[in-house]
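Novice: First, the structure itself, so that you have it in front of you.
The values are calculated or read from the model by the stated rules, or taken from the named source; none is laboratory data. Since the model is a prediction, treat every value here as computed from it, not as a measurement. For neighbour counting, all protein chains shown are included, and Cβ atoms are generated from backbone atoms with ideal geometry for every residue, glycine included.
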Amino acid sequence: MKEGFWYAVSLRVVPTIFVWFVKVLFATCRITIHGQKYRDELRDRDIPVVGSIWHYAIIFILYYMRKESGVAMVSASKDGEYISRIAQKIGFATVRGSRNKGGLQAMKSLIRYMKQGRNGAIVADGSQGPARVAQAGPIVLASRAGAAVLPMLWSCSRYKRLGSWDGTSLPMPFSRIDLFFAEPFDVPPKIKSEEIEKYRVLLENRLNDLYREAWALQGKTEH
C-alpha cells in the first residue's frame, strides 16, 4: 500500500516538474533543422504523418513536436505512465500499448485519432527493443490510417546518456541540437503481410542511415 501511495504521488509530481525542467533546458539550446523540405513536402500534400524515431530520441522529439496535433503510442508499463503524462502535458494525446500488452487495441485507437486529423507518433524499435531494429507497428499504422511515414532523429554536441536499454539521451544545457528529417515514404493501403517486411526494412534502413549521418556531425559513430 505504501509503495502504491508513493507511486500515485510521483505520477502527479514528476511529470509536472519534468516538463518545466525540459522547457527551461531546451530554451538554452541552439536547434538546427536538417531536411525541413521533407516535412514541408508532407504539409503541402495535406496528408497525415506517422513520425517514427528510435527510442533513445523520445524526450527531445516530444518536446520539439509539441505544437503538432499529435497522438503517440506509449508503453502500457508502469514506467510508461510517466511518459504518457509528460506527453499529455506537452500537448499530445496518448494511447497505451506495446507489442506484448494491449498493442492491437492501441493501434485501433491510434488509427481513430489519425482519421480525425491528428498526426501519429510511434517509436520504431518499440518499448523493449532491440535498439535500432524496427518493428512493424509504424508500417501497419501508416497503411491503415492512409499516412506517410516520416523518419526523424536528433544528435547533440553535449548530452547525458541514461542507463536504459536504448541509451535514452537528454541534451545538456547550452548544447547544439541537430534535428534531422529523412525522406518520407508512402505505404500501400490494406498492406498484405508479405509486404510489411519490405517496408519495415525500408524504415529501419532510413532510420539507421539518418542515425549515422546525425552522429557523424558530432564526430561520433553512435550516441
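Novice: For residues that are surrounded by 17 or more Cβ atoms within 10 Å (Cβ to Cβ) and part of a loop (DSSP other than H, G, I, E, B), scanning just the range 176-194, find the one that is modelled with the lowest pLDDT.
Specialist: The extreme case among them is Ile191.
Novice: Would you call Met107 aliphatic (A, V, I, L, M), over 21 Å from Thr168 (Cβ atoms), within 16 Å of the chain's Cα centre (by Cα) and buried (at least 18 other Cβ atoms within 10 Å of the Cβ)?
Specialist: Taking the combined requirement at face value, the residue satisfies it.
Novice: Of all residues in the range 49-82, which are crowded, with 22+ Cβ neighbours inside 10 Å, among the hydrophobic types (A, V, I, L, M, F, W, C) and over 11 Å from the mean Cα position of the chain (by Cα)?
Specialist: Residue satisfying the conditions is Val49 alone.
Novice: Look through Gly167, Gly163 and report the one residue that is on the phi < 0 side of the Ramachandran plot and in a loop (DSSP other than H, G, I, E, B).
Specialist: Sole residue among the options that is on the phi < 0 side of the Ramachandran plot and in a loop (DSSP other than H, G, I, E, B): Gly163.
Novice: Kindly indicate whether any position in the range 159-170 is touching an Asp or Glu at 6+ places or on another chain (Cβ under 6 Å) and either at pLDDT below 95 or of a type outside the set (Ser, Thr, Tyr) (or both).
Specialist: no
Novice: Checking Gln88 against (1) assigned to a helix (DSSP H, G or I); (2) closer than 29 Å to Leu217 by Cβ, only one condition comes out false. Which one?
Specialist: Status for Gln88: all satisfied but (2).
Novice: Right, another one. Within the range 122-141, take every residue that is at pLDDT below 90 and buried (at least 17 other Cβ atoms within 10 Å of the Cβ) and give me the one that is farthest from Trp165 (Cα to Cα).
Specialist: This residue is Ile122.
Novice: Hey, can you tell me all the residues within the range 197-219 that are part of a helix (DSSP H, G or I) and surrounded by fewer than 16 Cβ atoms within 10 Å (Cβ to Cβ)?
Specialist: Of everything in the range 197-219, those that are part of a helix (DSSP H, G or I) and surrounded by fewer than 16 Cβ atoms within 10 Å (Cβ to Cβ) turn out to be Glu197, Lys198, Val201, Asn205, Asp209, Arg212, Ala216.
Novice: Out of Val140, Val133, Val95, report the one residue that is touching a helix residue (DSSP H, G or I) at 6+ places or on another chain (Cβ under 8 Å), among the β-branched types (Val, Ile, Thr) and in a strand (DSSP E or B).
Specialist: Answer to the selection: Val95.
Novice: Please verify whether the range 101-114 includes one or more residues that are of a type in the set (Gly, Ala, Ser), assigned to a loop (DSSP other than H, G, I, E, B) and modelled with pLDDT of 85 or more.
Specialist: No; the residues of the range 101-114 include none that is of a type in the set (Gly, Ala, Ser), assigned to a loop (DSSP other than H, G, I, E, B) and modelled with pLDDT of 85 or more.
Novice: Now for a separate question. Do you know which residues across the range 18-35 are part of a helix (DSSP H, G or I) and either surrounded by 11 or more Cβ atoms within 10 Å (Cβ to Cβ) or in contact with a His (Cβ under 9 Å, 6 or more places away or on another chain) (or both)?
Specialist: Scanning the range 18-35 gives Phe18, Val19, Trp20, Phe21, Val22, Lys23, Leu25, Phe26.
Novice: Considering the range 1-60 alone, what residues qualify as being free of Cβ contacts under 8 Å to residues at least 40 places away in the same chain and among the acidic types (Asp, Glu)?
Specialist: Glu3, Asp40, Asp44, Asp46
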